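One structure is given here, and the rest of the page talks about it.
The values are calculated or read from the model by the stated rules, or taken from the named source; none is laboratory data. What you see is a predicted model, and the numbers here were worked out from it, not measured in a lab. When we count neighbours, we look across all protein chains shown, and the Cβ atoms used for this are built from the backbone with ideal geometry, even at glycine. Accessible surface areas use protein heavy atoms only, side chains included; no ligands, DNA or RNA. Shrake-Rupley method; radii C 1.70, N 1.55, O 1.52, S 1.80 Å.
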Amino acid sequence: DPDYSYLATAFLSFILGIGTTSIAFFLRKMNFSPFCCNQTVRTSVSDFAVTAAIISFTLLDKLVFTEVQTESLNVPDRFSPTFVCCDANCNTYFPDDCEGQPEPYGRRPWLVDLFDLNGKHFVPILAALPAILAFVLVFLDDGITWHLINHSSHKLKHGVAYNYDTLIIGFMIGVNSMFGLPWLVAATVRSLNHLHALGTKDASGKFISVQETRLTNLFVHSLVLASIFALNVIKLIPVPVLYGVFLYMGLASLGSNQFWKRITMFFMQPSMYPREPYTKHMETRKVNAYTAVQLLLFGVLYMVKSIKTIAIAFPIVIAACIPIRLYVLPKVFTESELIVIDGEDHEIEEWISKKEVDEENLNIETDSSC
């Protein structure tokens, strides 16, 4: 296209992405602003910050910069299987496997035929090993998300149901597989943002309470279902705007992430460190050393995930973090240091209480001896 400008497209895409993120953060902070007529309006603006940002910058792209071509969502025209067949057997993909054929035969059936192995009866046996790795990944991904959501700092009152959740997820993965649909897995960032949306927080971002309800999940997924009937509207949203939303979701969840807080400590003045148990009861070099180990493991995870030929080993690397924490780190850090920097809140509180009692008893003994 002679009218296509790479520079203009790149610049506008950057503006749309960063603008969406910035406006979403600006509107979210409106909840603690003195502006607008009352608290109800401010809360409503804060709750719909992301929606307002998406609509604003989609309109900016479609109405103002009409001559600049930006990437839009690749959404199909109808809700149907996306595998297009060359012939009735549906073992070949159009147009890659049947060059020269003008039209496809049709699309694959909704229900997957488990016995149609294309003559390769060894496939189920060979697929067992990747299936085990997929199970490990799904289980760990779900477990990590559950524990992040149910952290004591979120002040949730309802009980947990880890085994029940695992049973439901396993069943739904089987159902989705029969239809060739994506698996049901934990959406960690989205789940944390859902929790933040339901929470009441003070100006510093700490949770005061959380409105615990299943209705929001029901409404959210009902809207996802309804979006199937609005594909022509969804495809109008520019991809850079969605990247801005993803950036917002990631940045919004960093505030309560201890790992991120300790990373920022590398660049902070020591006297300005956050007041946390690990900054008060641990040496700075030990805190930084623990963070460096986590950064190393994170780098290995990202490298394995990025290289397609070994990406299937991604769950193994995640699982390897468990024995490293249980057997390797205790040789580098003391038990007290690991409790302070990586323990549950109740373990940290018990350790601090015991330390204070021991110090008080020591002071009493010192006074007595004097």
Within region 262-299, take every residue that is among the polar types (S, T, N, Q) and assigned to a helix (DSSP H, G or I) and give me the one that is surrounded by the fewest Cβ atoms within 10 Å (Cβ to Cβ). Ser271
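Counting only residues that are in contact (Cβ under 8 Å) with a residue 40 or more places away in the chain and open to solvent by 70 Å² or more (accessible area, probe 1.4 Å), which one in region 300-341 is farthest from Leu137 (Cα to Cα)?
Ranking the qualifying residues of region 300-341, first place goes to Val332.
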From the list Ala53, Ala49, exactly one residue is open to solvent by less than 80 Å² (accessible area, probe 1.4 Å), hydrophobic (A, V, I, L, M, F, W, C), touching a helix residue (DSSP H, G or I) at 6+ places or on another chain (Cβ under 6 Å) and touching a residue at least 60 places away in the same chain (Cβ under 8 Å). Which is it? Ala53
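Okay, residues lined up against (1) touching a Gly at 6+ places or on another chain (Cβ under 9 Å); (2) aromatic (Phe, Trp, Tyr); (3) open to solvent by less than 40 Å² (accessible area, probe 1.4 Å); (4) farther than 28 Å from Pro81 by Cβ:
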{"position": "Asp142", "(1), (2), (3), (4)": "no, no, yes, no"}
{"position": "Leu148", "(1), (2), (3), (4)": "no, no, no, yes"}
{"position": "Lys157", "(1), (2), (3), (4)": "no, no, no, yes"}
{"position": "Ala187", "(1), (2), (3), (4)": "no, no, yes, no"}
{"position": "Arg190", "(1), (2), (3), (4)": "no, no, no, no"}
{"position": "Gly199", "(1), (2), (3), (4)": "no, no, yes, yes"}
{"position": "Arg214", "(1), (2), (3), (4)": "no, no, no, yes"}
{"position": "Leu218", "(1), (2), (3), (4)": "no, no, no, no"}
{"position": "Val224", "(1), (2), (3), (4)": "no, no, no, no"}
Of all the residues that make up region 4-25, how many are surrounded by fewer than 17 Cβ atoms within 10 Å (Cβ to Cβ), assigned to a helix (DSSP H, G or I) and of a type in the set (Ser, Thr, Tyr)? 3
Among (1) within 21 Å of Arg28 (Cα to Cα); (2) free of Cβ contacts under 8 Å to residues at least 40 places away in the same chain; (3) of a type in the set (Val, Ile, Thr), there is one condition Val241 misses while meeting the rest; what is its number? (2)
Can you tell me which residue in region 260-298 is nearest to Ala320 (Cα to Cα), limited to those that are more than 27 Å from the chain's Cα centre (by Cα) and of a type in the set (Lys, Arg)? Lys286
Can you list residue pairs whose Cβ atoms sit under 7 Å apart, with the first residue in region 165-188 being free of Cβ contacts under 8 Å to residues at least 40 places away in the same chain and the second being of a type outside the set (D, E, K, R) and part of a loop (DSSP other than H, G, I, E, B)? Count only pairs 6 or more apart in sequence or on different chains. Ile169/Leu184; Met172/Leu184; Ile173/Trp183; Ile173/Leu184; Asn176/Pro182; Asn176/Trp183; Asn176/Leu184
Right, Ser253: exposed (fewer than 14 other Cβ atoms within 10 Å of the Cβ), more than 30 Å from Val64 (Cα to Cα) and of a type in the set (Gly, Ala, Ser) or not? no
State whether one or more residues within region 151-166 are of a type in the set (A, V, I, L, M) and under 20 Å from Ala319 (Cβ atoms). no
Every residue from region 164-185 that is exposed (fewer than 15 other Cβ atoms within 10 Å of the Cβ) and hydrophobic (A, V, I, L, M, F, W, C): Leu167, Ile168, Phe171, Met172, Val175, Met178, Phe179, Leu181, Trp183
With region 306-370 as the region, which helices (runs of 4 or more DSSP H) entirely inside it contain at least 2 residues that are among the polar types (S, T, N, Q) and farther than 27 Å from Leu148 by Cα? 345-369
Among the listed residues Thr92, Thr70, Thr40, which satisfies the condition of being polar (S, T, N, Q) and exposed (fewer than 11 other Cβ atoms within 10 Å of the Cβ)? Thr40
How about region 114-131: which of its residues are assigned to a loop (DSSP other than H, G, I, E, B), surrounded by 10 or more Cβ atoms within 10 Å (Cβ to Cβ) and either under 35 Å from the mean Cα position of the chain (by Cα) or among the aliphatic types (A, V, I, L, M) (or both)? Leu117, Ala127
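Taking the conditions exactly as written (among the aliphatic types (A, V, I, L, M) and under 17 Å from Ser80 (Cα atoms)), does Leu117 satisfy them or not?
In short, no.
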